[in-house]
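Some notes on the structure that comes next.
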Amino acid sequence: MNLFDLSPKSTSFNISFRGRKRTLMLRPFILRDDVWLQKTFDQEELREKIYVEHDIETVARIIWYQLSNKAKKYIMRLPVNYEDIDPHTGAIIKVQPHGFRRLIEVLDNDSLGEGLEAYVKNQELNAPAKVQKKKTLAQRIGWKYSTL
């Protein structure tokens, strides 16, 4: 093993929003991210949501959590809003989603699938050599590339 193998590696995926193309970087996967994933999602439920339901909200939450700060700032600057009804007054208001909900508004299904593939690759690239026997997200949920 050499020192290069120990350095964190980032992955990226491409998006297109209103004709503008951009590459978004994911920050390197670290142990804290695995802990977040296990605390946030039941592993069997995660398999169901990704494979069977193709739940966009779950995929977007995972990608948003791993996006680099620069990528998150870019997403937050994009002009995204929609109209909703104020529950108190009944008036029509403009809503600007934040966090992973904004990501859902920006990405199409292909970009979400590409983002999830980048996430899984990121996790596999950054698994510590001694811990590689531990199953990655892809192995735990039975992920095969390009299933979304």
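The values are calculated or read from the model by the stated rules, or taken from the named source; none is laboratory data. Here the structure is a predicted model, which is why all the values come from computation and not from measurement. A quick note on method: Cβ atoms are made from the backbone with ideal geometry, for glycine too, and the neighbour counts reach across all protein chains shown.
Quick notes on this one:
- Every residue from segment 66-92 that is surrounded by fewer than 14 Cβ atoms within 10 Å (Cβ to Cβ) and not in a strand (DSSP E or B): 69, 70, 73, 77, 79, 81, 86, 87, 88, 89, 90, 91
- Figure legend. Inter-residue proximity from segment 104-118: first residues of a type in the set (Asp, Glu), second residues modelled with pLDDT under 85, beta-carbon distance below 8 Å, spacing 6+ or different chains. Indicated pairs: 105/80; 105/82; 117/145; 117/146.
- Exactly one residue out of 44, 53, 48 is closer than 19 Å to residue 123 by Cα and modelled with pLDDT under 90: that is 44.
- Counted residues, segment 21-60 - those being within 14 Å of the chain's Cα centre (by Cα) and part of a loop (DSSP other than H, G, I, E, B): 6
- In the set (1) free of Cβ contacts under 8 Å to residues at least 60 places away in the same chain; (2) outside any helix (DSSP H, G or I), the condition left unmet by residue 63 is number (2).
- Taking segment 57-82 as the range and being in contact with a strand residue (DSSP E or B) (Cβ under 7 Å, 6 or more places away or on another chain), at pLDDT below 90 and either hydroxyl-bearing (Ser, Thr, Tyr) or farther than 19 Å from residue 18 by Cα (or both) as the test, only 82 passes.
- Contacts under 8 angstrom Cβ, first residue in segment 22-40 being within 18 Å of residue 59 (Cβ to Cβ) and acidic (Asp, Glu), partner modelled with pLDDT of 90 or more and part of a helix (DSSP H, G or I), 6 or more apart: 33/65; 33/66
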